[in-house]
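Computed from the coordinates by the stated procedures, all read-outs in this text should not be read as laboratory data. The model shown is predicted, which means the values in this text are computed figures rather than measured ones. FYI the Cβ positions are ideal-geometry reconstructions off the backbone, even for glycines, and counts take in every protein chain you see.
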Amino acid sequence: MLSKKSQYGFQAAVYIACNENEDHLISPQEIAAAQGLPAPYLRKILNTLVKKKILISVKGPNGGFGLANAKEKIFLMQILLAIEGYEILNNCVLGFLECSSEHPCPFHNVYDGIRSNFYNFLGTTSLHVLCKDIDNQKSFISYLQLNK
């Protein structure tokens, strides 16, 4: 359902949201090592999120990436759209170009409801909510468990 690019973008954004502070920006190498992600590919995704004003980037020895806004104001849908573009909202789950309500693929009618619920979740859930769930142990991410 999500591309590797989006998966890595979400993982990186959550990592940054849960670990950044005024004294510590997050390097791509730190995220890549903690999450087991390929650093060069991750850097490209992070730069996309900077261009879309979801993240900030600071160069230099103490540089790295941080959130451009408070984590309460960054919603998951913003991250998905920054990475995938608006086309993702209407793409066929099977990849057919001609899929629509008038000419549905075999998955269309079932997936349409799933997609609607998923996009509603993304549009109403902020990075803050995910970090809070992780802190309250309602969610689990291995790198946070190792660092605490």
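Positive-end ranking of 99, 110, 88 along the dipole of region 15-145, with charges on Cβ about the Cα centre, is headed by 88.
Evaluate Rg over Rh across region 1-43, taking Cα atoms for both radii and Kirkwood's formula for Rh. Intermediate values should be presented prior to the final figure.
Values: Rg = 10.4 Å, Rh = 10.6 Å.
Ratio of gyration radius to Kirkwood radius for region 1-43: 0.98.
Taking the charge dipole of the chain about its Cα centre, with +1 at Lys and Arg Cβ atoms and -1 at Asp and Glu Cβ atoms, the residue from 77, 6, 58 reaching farthest to the positive side is 58.
Taking the Cα centre of each part, how many Å lie between region 1-44 and region 73-98? Using only Cα atoms to place each centre, the spacing works out to 19 Å. Only Cα pairs under 8 Å and 6+ residues apart enter the sum, and on that basis the relative contact order of the chain stands at 25 percent. Ordering 112, 23 by the number of other Cβ atoms within 10 Å of each residue's own Cβ, fewest first, gives 23, 112.
How far, in nm, would the chain grow between residue 98 and residue 68 when pulled straight, counting 0.36 nm per residue and subtracting the alpha carbon separation? Provide the component values of the computation, followed by the final result.
Numbers: separation 30, 0.36 × 30 = 10.80 nm, distance 3.78 nm.
Fully extending the segment from residue 98 to residue 68 adds 7.0 nm.
Dipole size of region 3-80 about its Cα centre, with +1 on Lys/Arg Cβ and -1 on Asp/Glu Cβ: approximately 500 debye, rounded to the nearest 20. Scanning the chain for GluC sites (Glu not before Pro) in DSSP loops with at most 10 neighbouring Cβ atoms within 10 Å leaves 23-97 as the longest stretch between them.
Charging the Cβ of each Asp and Glu at -1 and of each Lys and Arg at +1, and nothing else, the dipole of the chain about its Cα centre rounds to 340 debye.
What is the extension gain from residue 23 to residue 118, computed as 0.36 nm multiplied by their sequence separation minus the C-alpha to C-alpha distance, in nm to one decimal? Write down the numbers at each step before the final one.
Details: separation 95, 0.36 × 95 = 34.20 nm, distance 3.48 nm.
Full extension of this stretch gives 30.7 nm more.
Under 20 Å of direct C-alpha separation, and excluding same-chain neighbours fewer than eight residues apart, residue 138 reaches these lysines: 71, 148. For an R0 of 25 angstrom, estimate the FRET efficiency from the Cβ-Cβ distance between residue 52 and residue 107 and round to the nearest 0.05. Plugging the Cβ-Cβ distance into 1/(1 + (r/R0)^6) gives 0.30. Bridgeable aspartates and glutamates around residue 51 (alpha carbons under 16 Å apart, same-chain partners fewer than 8 residues away excluded): 84.
Our Cα-only numbers for the chain put the radius of gyration and Dmax at 16.7, 55 Å.
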